[in-house]
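Read through the structure below, which is laid out as structure tokens, and then see the notes.
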Amino acid sequence: MKKIVFAFVSSVVACAANADWNPYFGTAQNQIVVNIGQGVNSGFLVPPPSQFVPFYMLPNIQYSQPTTFFTLPARQSMNFGETVGMGRAYGWDWTDFSIPMVWASGDVALLYGDDWYVGPGVGVGFQAKENDRLGAKLVFQFKISAGYRFTEHWGGEIFVQHFSNGNTADENHSYAFYGLGVSYNF
């Protein structure tokens, strides 16, 4: 497992490119994104929009730089977030899952135009403590996002995001979010 995590992080760092243009950034070389998310009680990689729960991503601050992935435009990011739960629903006490998280991620624009993009992303990181839902501090992230740059500096994004321990522990019920993001490119 350590080799897989090392290979992923190394590939994200090693493929950094000084792109002249990228649909996530335009001609900018840096990006700050503030994401918020609504939790969904689902173990699916792409959760169905049902069983919304009192569990939120508030906020996720993401710092990104442009890169490429096999010639496709991409971004590499460091993410700092907090999951916040309140109350009980579907047999879970969501308050127990209020945990800070940090992870490295990469997103690839599979479909894109001058100002828009759609594509998947993956990441790996840590949450501050283990709990009954994930059972591990190690987390893996999968994301599908669609975004639009409204101006040279400002953009917006919608996403579906899934966190799991990748079956590295006995419990693996995952976290899932539907969310919105606002980006600033500079």
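Could you sort ASP132, ASP115 by their accessible area in this structure, using a 1.4 Å probe and putting the largest first? The partial results should precede the final answer.
Numbers: ASP132 110, ASP115 55 Å².
Final ranking, largest accessible area leading: ASP132, ASP115.
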Between the modelled labels at THR168 and TYR184 (7 Å from Cα along Cα→Cβ) the distance in nm is 3.3
So, with points 7 Å from each Cα along the Cβ direction, the ASP20-TRP154 label distance in nm works out to 2.9
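With all protein chains present and a 1.4 Å probe, how do ILE99, ILE158 order by accessible area, largest first?
In descending accessible area the options line up as ILE158, ILE99.
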Reported to the nearest 10 Å², TYR148 has, with a 1.4 Å probe, an accessible area equal to 100
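Helix-only mean residue ellipticity at 222 nm, the chain, DSSP H runs n ≥ 4 weighted -39,500 (n - 2.57), per residue, nearest 500. What is it? Intermediate results must be reported in sequence, preceding the final value.
Values: 1 runs with 13 residues, N = 186.
Result for the chain, helices only: -2000 deg cm²/dmol.
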Between the alpha carbon centres of segment 116-186 and segment 58-102 the gap in Å comes to 5
Using a 1.4 Å probe on heavy atoms of the protein chains only, the accessible area for GLU130 in Å², nearest 10, reads 120
So, relative contact order of the chain in percent, Cα under 8 Å, 6 or more apart, is 22
With the label point 7 Å along the Cα-to-beta-carbon line of ASP114 and a cut-off under 18 Å to each amide N, the hits in segment 143-186 are 147-156
With x for Gly and Pro, the residue-by-residue ³J(HN,Hα) of segment 68-78, computed from phi through the Karplus equation 6.51 cos²θ - 1.76 cosθ + 1.60 at θ = phi - 60° and given in whole Hz, is 10, 9, 6, 6, 7, x, 8, 9, 10, 9, 10
Two pseudo-spin positions, 7 Å from Cα along C-beta at GLN29 and at ILE61, lie apart in nanometres by 2.2
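Leaving ligands, DNA and RNA out of it, rank LYS143, LYS129 by accessible area with a 1.4 Å probe, largest first. Let's see the in-between values first.
Details: LYS143 5, LYS129 100 Å².
Reading off the accessible areas and sorting them downward yields LYS129, LYS143.
How far, in nm, would the chain grow between ILE36 and VAL122 when pulled straight, counting 0.36 nm per residue and subtracting the alpha carbon separation?
On the way: separation 86, 0.36 × 86 = 30.96 nm, distance 1.77 nm.
Once the chain is fully extended between ILE36 and VAL122, it gains 29.2 nm.
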The farthest towards the positive end of the charge dipole of the chain, of the residues GLY43, PHE126, THR151, given +1 on Cβ of Lys and Arg and -1 on Cβ of Asp and Glu, is PHE126
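The values are calculated or read from the model by the stated rules, or taken from the named source; none is laboratory data. Keep in mind the model is a prediction, meaning the values are calculated, not measured. When we count neighbours, we look across all protein chains shown, and the Cβ atoms used for this are built from the backbone with ideal geometry, even at glycine. Surface areas here come from the heavy atoms of the whole protein model, side chains and all, with no ligands, DNA or RNA. Shrake-Rupley method; radii C 1.70, N 1.55, O 1.52, S 1.80 Å.
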